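Novice: Sending over a structure as structure tokens; questions will come in a sec.
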Amino acid sequence: MKRLSLSILFIISCFSVLTAQDVIYSKDGSKIEAKIIRIDNSVVEFKIWSDQEGPSLMIKTTDIVMIDYANGNRDMFPKVIEYKEEIPVIENPYEALDFESSSPSGLILGKKLLTEADAQKLLIYKGENIYEETWIGALKQRTIGNSLFFPGLVLIVGSAFVSVYNVNFSMDQTIAIVSNIGEIVGTGLFTAGLIFKIIGKSRMNWVLDTYNEDMRIKGKTSLSICPTSTGIGLKLNF
């Protein structure tokens with residue numbers, strides 16, 4: 001009899017495991033018996049329990065109150081993710097950040113050439129990665145500016161030289177037209193390149209100034225003279 005009871009309990013347990021399902025409770029009051037496939041920050045992907053061969057469905061996490069899982073666990077929604085600003089660890093707070101064309105990231109800190117990974121970790125400012133958001137784009141603008149500015153300058157100078165030579169020696173109409181076109185194209189390239197260079201340089205300076213004048217100061221200490229109740233004293237600033 002004892003063996004029979006144990007067998008029945010075992011069968012019931014197996015049946016419960018095989019028939020257990022996840023249950024999604026939505027904000028509109030409905031309940032969905034499902035098999036959860038994945039959960040990310042914005043959606044829950046699942047299949048209807050009674051139709052697991054059917055297509056996968058999705059529901060926004062903002063439309064869910066909670067999920068009861070087959071294993072007995074429970075998740076409440078929305079999940080609150082606490083934001084914590086990452087402040088980079090600075091080995092020497094007095095080292096200045098600067099542009100260096102030979103560096104993989106285009107940046108040098110003190111005498112250390114920064115890799116892209118180093119720069120990404122270092123330049124977290126007010127929750128944004130200003131290396132990815134600003135610096136990379138600024139470098140591209142500077143590169144584009146240089147690729148237009150210098151050829152444009154060469155074309156302007158070359159066309160002007162050809163024009164002067166033509167006026168003084170040959171007076172060839174074709175050469176005059178070509179030199180005029182060269183000056184126009186050169187001026188366009190020069191102007192566009194100059195604009196890109198100015199914008200790129202301005203954005204690069206903003207990143208450098210943001211680090212050197214704001215972020216870097218978080219790790220600084222300084223000693224200053226200040227008045228006290230007994231006279232003049234020294235104040236240590238963090």
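A short reminder: the numbers here are calculations on the coordinates, not readings from a lab. These numbers come from a predicted model, not from an experiment. Neighbour counts run over all protein chains shown; Cβ positions are idealised from the backbone, glycine included.
Novice: Roughly how many debye, to the nearest 20, is the charge dipole of the range 138-211 about its Cα centre, given +1 on each Lys and Arg Cβ, -1 on each Asp and Glu Cβ, and no other charges?
Specialist: With Lys and Arg at +1 and Asp and Glu at -1, about 420 debye.
Novice: Beyond a 27 Å Cα-Cα separation, which of these cross-linked pairs lie in this structure: Lys35/Lys121; Lys111/Lys140; Lys60/Lys121?
Specialist: From Lys35/Lys121; Lys111/Lys140; Lys60/Lys121, over 27 Å: Lys35/Lys121; Lys60/Lys121.
Novice: Name the residue from Gly145, Leu123, Val207 whose Cα lies farthest towards the positive end of the charge dipole of the range 97-219, charges +1 on Cβ of Lys and Arg and -1 on Cβ of Asp and Glu.
Specialist: Value: Leu123.
Novice: What percentage of all Cα-Cα pairs in the range 22-81 are separated by more than 20 Å?
Specialist: Cα-Cα pairs of the range 22-81 separated by over 20 Å account for 16 percent.
Novice: Taking Rh as the Kirkwood radius computed over C-alpha pairs, what is the Stokes-Einstein D of the range 97-219 at 10 °C in a medium of viscosity 1.306 mPa s, expressed in µm² per second?
Specialist: Translational diffusion coefficient: 95 µm²/s.
Novice: Here's a follow-up. Residue separation times 0.36 nm, minus the C-alpha to C-alpha distance between Val65 and Asn168: what's the value?
Specialist: 28.5 nm
Novice: Fewest to most neighbouring Cβ within 10 Å: what's the order for Ser56, Ser101?
Specialist: Ranked by crowding around the Cβ, least crowded first: Ser101, Ser56.
Novice: With only Lys, Arg, Asp and Glu charged, each at its Cβ (+1 for the first two, -1 for the last two), find how big the charge dipole of the range 22-81 is about the Cα centre; round to the nearest 20 debye.
Specialist: In debye, rounded to 20, the range 22-81 gives about 180.
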